[in-house]
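I'd like to ask some things about the structure below.
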2 protein chains.
Amino acid sequence: MAKNIKPRAQDYNQWYIDVIKAAQLADYSPVKGCMVIRPEGYAIWEAIQRDLDRRFKETGHVNAYFPLLIPQSFLAKEAQHVEGFAMECAVVTHSRLEKDPNKPGVLKPASPLEEPLVIRPTSETMIGHMYAQWVQSYRDLPILINQWCNVMRWEMRTRLFLRTAEFLWQEGHTAHETPEEAQEETLRMLDVYAAFAEEVLAIPVVKGEKTESEKFPGADTTYCIEALMQDGKALQAGTSHNLGQNFSKAFDIKYLGRDQKQQHVWTTSWGVSTRLIGAMIMAHSDDEGLVVPPKVAPVVTAIVPIFKSPEEAAKVREFIEKILVALVGAEEVAAVAKRAKAEGIASYFFDKASDQRIVVDWRDSRPGDKQYHWEQRGVPFRMEVGPRDVDGGAFVFKQRLDRSKAMVQVGEVSAAWLRGKLDEMHKAMFDKAAKFRDENIRRAETYAQMKEIFETKGGFVRAWFKPSREAEAKIKDETKATVRCIPFDQPGGTGKCIFTGEETETEVLFAVAY
Amino acid sequence: MAKNIKPRAQDYNQWYIDVIKAAQLADYSPVKGCMVIRPEGYAIWEAIQRDLDRRFKETGHVNAYFPLLIPQSFLAKEAQHVEGFAMECAVVTHSRLEKDPNKPGVLKPASPLEEPLVIRPTSETMIGHMYAQWVQSYRDLPILINQWCNVMRWEMRTRLFLRTAEFLWQEGHTAHETPEEAQEETLRMLDVYAAFAEEVLAIPVVKGEKTESEKFPGADTTYCIEALMQDGKALQAGTSHNLGQNFSKAFDIKYLGRDQKQQHVWTTSWGVSTRLIGAMIMAHSDDEGLVVPPKVAPVVTAIVPIFKSPEEAAKVREFIEKILVALVGAEEVAAVAKRAKAEGIASYFFDKASDQRIVVDWRDSRPGDKQYHWEQRGVPFRMEVGPRDVDGGAFVFKQRLDRSKAMVQVGEVSAAWLRGKLDEMHKAMFDKAAKFRDENIRRAETYAQMKEIFETKGGFVRAWFKPSREAEAKIKDETKATVRCIPFDQPGGTGKCIFTGEETETEVLFAVAY
């Protein structure tokens, strides 16, 4: 058992932090609530970005960049938005620092700004302002823009990746001619997120609609994908908002229609963030550390040589080269040899387009430490090659997910073989998470039943419910649970609301959430 | 002549803005000094990022992300750095906005912070602080990290891409065991920048060292690549700094050496920014608008169909499909057909890895307007296909750079043919810019000669000079010119300083700079 990682059963929160530290994914920074995403963590974010960006472009979107700072007056323009976003944020009030004459070595703010600026908590307002200038006629529509950037929301209780003051995300912002097109776009992007979560992160999700009290401040409707973590808490992994004409009216985004009349556009916004890395960790990792889904693994296989003498090292090296040639081709092996340093980790592209690599760990440390190193980083597979293995023409193949070991003959190895293994692992991870999720969706017919489930088991509770701010607030007070979503798959008909007993047409999913 | 673009000879500054507006690369934003990078401009930045990122990774670097906000006390730690960077910056002083009871609809700052935070102008200080925690022994070195992010420096006089309060950039930050390794790294990255500028942006550059008065605040030595713009002004396109032990001492980044002694690491930093897009525009564009170097062109060829009847449209469409199949393959043509909307611009991957596309402009507007549209966006090539061309089995091939036209037989067309044309265009752009640059490097033997050159011709002036803060300040006052760099290719021997007459070993390049 890993000494530097607290088991989940003992302290789930500590386990989460320990897994992140052991894999060197992130660190707290000296600025309260802000994190440093270390190279191992950022490489996963890059893999997420690459895949999502491709999906956004395939659905017709382009990227752009809007200013970090937003005038306070913009936030004040949309009535619901101001309540939800304007309050807890970083406010820029000065444009200079100057030396404090009274305190040597201390700098103090100078040159106050006329109007305070806020570091964007989200960019509907700034982008709305710009769209108002760009859109003249229906010919300028739709606008399908996405932005990859940093945002800030001043959070008091922070948790690495899941809730930090500053985080990285993408925010899509689109403008359409008709409400139907806006709705189609909102659902299209929800589907993109759901497909991404399942096909890439191996996280099964439930698609649904938010209740009034949980929706985005300024949206007509918010849709979401909800995932279940191993401790039975839910995590919102992505949201897509139909903003109706709320922002187009607040920012006066008008166009001359086909009917020659001026009218306001219909807008949407949708986003996912570095929170996905938190979801990925909590959905898949185990007491030994991180387990990375193969599609976003920066390293797909680590090869650990074992030898005691220079002769053995040479023998092992030659054999590893055979494996490498089979996996990445002779050309790549030669290219790495050319740019390689004498010592350290040699890194070979397995899939250049997605920056996935195979590494050979030639560092001067004990094979056991190396195994441990790659295991805690969640690398899908490890190959162990010692002199005896070479004699048998085989190596030890270790799978991170089930921690199984097997001997593999070098003749079996090819890029297609490894890709097949990676696909199998993806499927196994998804199936495992889906089984856990399905086992943890429970039906409650009464509020007492639901309370008992949250007290003893956690997970999702599915129940008839008539959404209302008051009822949801009371339920949250008493159980900590919230309505995660009104799932798309409704049974039809009606039932009795679990809380009020009123007849209702909606079934919802409750859970305690991150 | 383009009606919406002022010719360079009449008003170079206006021409620059007009080119950007006509190509829809960027816009000013409602926040003073901040710009919006529009999709056409951002696509060029993405191409720049893709290529540079590959070069960084090939030289062993990894990406990470550090916080946006930096405590004022960090900036105050390094003596030179504080003078250079702490002063003009965005200062965050509050963590909340609240409704102003006296002014309805207005939000005012609340919850003052204990210590003011600054939006990063550059991240040496924050990264230095983190490296101090990550580095224990020589085994942890080198650290080779790069960050892609936004930064802010409060600029009074701004210019789209070239000088804005907020801009996007990458900043590399490395830590090494020895001064030799740090120096090697500093020069390696300068070479990466120079190769990128020439091989990708087709901008010839001069490599050199900055004088004391022009170097980065906190660096031992700053190296740079300098380019010449069409108006005879120089532009610093990238810098690489050897920071010695200045930051490692200020932030106490220590390691246990091979000699079992604690010592400070040696650090470097290096960066390029969205300024490169400004350089690209000013180096290559003409009075008709933008000219994009082929390696970063999001669209490499625009195909404009010409027809007057549905029959002609069908005939032209069939012919264009032949061209497309020859350029991108039948599979890609089918894939686009599958996801295509009925109208608008169809977009085919020419090179998926670098996101370069071929577009066919089926929009409902006049062929002349379409030609104009793609010409002003600087697309390297356009193909015009009308019914008569189809009869001849050929199309009109227009080159953006020299505005030439030629008939090309469809049988000649292939991906390799187009790639060849793009390579030719790259070479022609580079050669044209290099010729201009070489014609505008002039020697001055006396200060009077140099003054006359700056008054009449501009460009670079090469002269013997003994760098000193005083002399450089006076020369800048009198001529607006600064020492751009001490070029690496020195003649050897000594000469008389153009300003003081003293014997000196250094030749420098002077220019008026952006």
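The values are calculated or read from the model by the stated rules, or taken from the named source; none is laboratory data. If you're wondering where the values come from, they're calculated on a predicted model, not measured in any experiment. Because the Cβ atoms are built from the backbone with ideal geometry, glycine has one as well, and the counts that use them run over all protein chains shown.
Kindly indicate which of B:316, B:291, B:325 is aliphatic (A, V, I, L, M) and in contact with a Leu (Cβ under 8 Å, 6 or more places away or on another chain).
Every option except B:291 fails the conditions.
Criterion first (farther than 12 Å from residue B:173 by Cβ and at pLDDT 95 or above) does residue B:244 satisfy it?
Here the answer is yes, as residue B:244 does meet what is asked.
Small (Gly, Ala, Ser), closer than 17 Å to residue A:507 by Cα and either at pLDDT below 95 or surrounded by fewer than 21 Cβ atoms within 10 Å (Cβ to Cβ) (or both): which single residue out of A:463, A:481, A:444, A:415 fits that description?
After applying the criteria, what remains is A:444.
While we're here: Yes or no: residue A:325 under 25 Å from residue A:6 (Cα atoms) and either part of a loop (DSSP other than H, G, I, E, B) or over 33 Å from the mean Cα position of the chain (by Cα) (or both)?
For residue A:325, the condition - under 25 Å from residue A:6 (Cα atoms) and either part of a loop (DSSP other than H, G, I, E, B) or over 33 Å from the mean Cα position of the chain (by Cα) (or both) - is not met.
Can you name the residue in the stretch B:56-66 that is buried (at least 20 other Cβ atoms within 10 Å of the Cβ) and more than 7 Å from every other protein chain (Cβ to nearest Cβ) and, of all such residues, is farthest from the chain's Cα centre (by Cα)?
Taking the candidates together, the pick is B:61.
Quick check: is even one residue across the stretch B:40-55 facing chain A (nearest Cβ under 7 Å), over 27 Å from residue B:281 (Cβ atoms) and touching a Phe, Trp or Tyr at 6+ places or on another chain (Cβ under 8 Å)?
no
For the stretch A:396-416, which positions are in a helix (DSSP H, G or I) and touching a residue at least 24 places away in the same chain (Cβ under 8 Å)?
Selection gives A:410, A:415.
Next up: Can you tell me which condition residue B:180 does not meet? The list is (1) on the phi > 0 side of the Ramachandran plot; (2) out of contact with any helix residue (DSSP H, G or I) (no Cβ under 9 Å at 6 or more places or on another chain), and all the others hold.
(1)
Looking only at the stretch A:264-284, decide whether some residue is within 30 Å of residue A:6 (Cα to Cα), outside any strand (DSSP E or B) and among the charged types (D, E, K, R).
Among the residues of the stretch A:264-284, at least one is within 30 Å of residue A:6 (Cα to Cα), outside any strand (DSSP E or B) and among the charged types (D, E, K, R), which makes the answer yes.
Taking residue A:501, is it in a loop (DSSP other than H, G, I, E, B), at pLDDT 95 or above and surrounded by fewer than 21 Cβ atoms within 10 Å (Cβ to Cβ)?
yes
Which one is surrounded by the most Cβ atoms within 10 Å (Cβ to Cβ) among residues in the stretch A:342-399 that are on the phi > 0 side of the Ramachandran plot and at pLDDT 95 or above?
A:378
OK, next. Please verify whether residue A:151 is of a type in the set (Val, Ile, Thr) and not in a strand (DSSP E or B), treating the condition exactly as stated.
So residue A:151 does not fit the description; no.
So, in the stretch A:180-220, exactly how many residues are among the charged types (D, E, K, R) and without any contact (Cβ under 8 Å) to a residue 60 or more places away in the chain?
Residues that pass the stated criteria total 5.
Here's another thing I want to ask about it. Filter the stretch B:27-39 down to the residues that are surrounded by fewer than 21 Cβ atoms within 10 Å (Cβ to Cβ) and not in a loop (DSSP other than H, G, I, E, B), then identify the one that is nearest to the other protein chains (Cβ to nearest Cβ).
Out of the qualifying residues, it is B:39.
Just name the residue that is surrounded by the most Cβ atoms within 10 Å (Cβ to Cβ) out of those in the stretch B:120-153 that are among the aromatic types (Phe, Trp, Tyr), farther than 25 Å from residue A:119 by Cβ and more than 9 Å from every other protein chain (Cβ to nearest Cβ).
Looking at the filtered set, the residue picked out is B:131.
Which residue is surrounded by the fewest Cβ atoms within 10 Å (Cβ to Cβ), if the candidates are limited to the stretch B:72-94 and must be more than 7 Å from chain A (Cβ to nearest Cβ) and assigned to a loop (DSSP other than H, G, I, E, B)?
B:77
Taking the condition of being farther than 25 Å from residue B:200 by Cα and either within 8 Å of chain A (Cβ to nearest Cβ) or in a loop (DSSP other than H, G, I, E, B) (or both), how many residues in the stretch B:6-26 meet it?
The qualifying residues number 5.
Taking the options A:365, A:347, name whichever one is assigned to a loop (DSSP other than H, G, I, E, B), within 13 Å of chain B (Cβ to nearest Cβ) and not β-branched (Val, Ile, Thr).
Of A:365, A:347, the one residue that is assigned to a loop (DSSP other than H, G, I, E, B), within 13 Å of chain B (Cβ to nearest Cβ) and not β-branched (Val, Ile, Thr) is A:365.
So, one more: Given the structure, is residue B:379 more than 14 Å from chain A (Cβ to nearest Cβ), outside any helix (DSSP H, G or I), over 20 Å from residue B:313 (Cα atoms) and aliphatic (A, V, I, L, M)?
Spelling it out, residue B:379 is indeed more than 14 Å from chain A (Cβ to nearest Cβ), outside any helix (DSSP H, G or I), over 20 Å from residue B:313 (Cα atoms) and aliphatic (A, V, I, L, M).
Go through A:182, A:219, A:195, A:175 for me and flag whichever is assigned to a helix (DSSP H, G or I), small (Gly, Ala, Ser) and either over 20 Å from the mean Cα position of the chain (by Cα) or not assigned by TED's automatic domain parsing to the domain that holds residue A:147 (or both).
The unique qualifying residue is A:182.
Follow-up. Exactly one of (1) facing chain B (nearest Cβ under 9 Å); (2) of a type outside the set (Phe, Trp, Tyr); (3) assigned to a strand (DSSP E or B) is unmet by residue A:112. Its number?
Going through (1) facing chain B (nearest Cβ under 9 Å); (2) of a type outside the set (Phe, Trp, Tyr); (3) assigned to a strand (DSSP E or B) one by one, residue A:112 breaks only (1).
Name every residue in the stretch A:288-314 that is under 19 Å from residue A:396 (Cβ atoms) and among the polar types (S, T, N, Q), in order of residue number.
A:301
Which one of A:501, A:459, A:492 is small (Gly, Ala, Ser) and either in the same structural domain as residue A:231 (by TED's automatic domain parsing) or under 28 Å from the mean Cα position of the chain (by Cα) (or both)?
Result: A:459 is the single residue among A:501, A:459, A:492 that is small (Gly, Ala, Ser) and either in the same structural domain as residue A:231 (by TED's automatic domain parsing) or under 28 Å from the mean Cα position of the chain (by Cα) (or both).
If you don't mind, there's one more thing I want to ask. Answer yes or no as to whether residue A:177 is away from chain B (no Cβ under 12 Å), of a type outside the set (Gly, Ala, Ser), in contact (Cβ under 8 Å) with a residue 24 or more places away in the chain and surrounded by 24 or more Cβ atoms within 10 Å (Cβ to Cβ).
For residue A:177, the condition - away from chain B (no Cβ under 12 Å), of a type outside the set (Gly, Ala, Ser), in contact (Cβ under 8 Å) with a residue 24 or more places away in the chain and surrounded by 24 or more Cβ atoms within 10 Å (Cβ to Cβ) - is not met.
If you check B:97, B:107, B:117, B:69, which single one turns out to be within 7 Å of chain A (Cβ to nearest Cβ), buried (at least 21 other Cβ atoms within 10 Å of the Cβ) and out of contact with any Lys or Arg (no Cβ under 8 Å at 6 or more places or on another chain)?
So the residue among B:97, B:107, B:117, B:69 that is within 7 Å of chain A (Cβ to nearest Cβ), buried (at least 21 other Cβ atoms within 10 Å of the Cβ) and out of contact with any Lys or Arg (no Cβ under 8 Å at 6 or more places or on another chain) is B:117.
Quickly run through the stretch A:5-26 and pick out the residues that are free of Cβ contacts under 8 Å to residues at least 40 places away in the same chain and in contact with a helix residue (DSSP H, G or I) (Cβ under 7 Å, 6 or more places away or on another chain).
A:6, the sole residue that qualifies.
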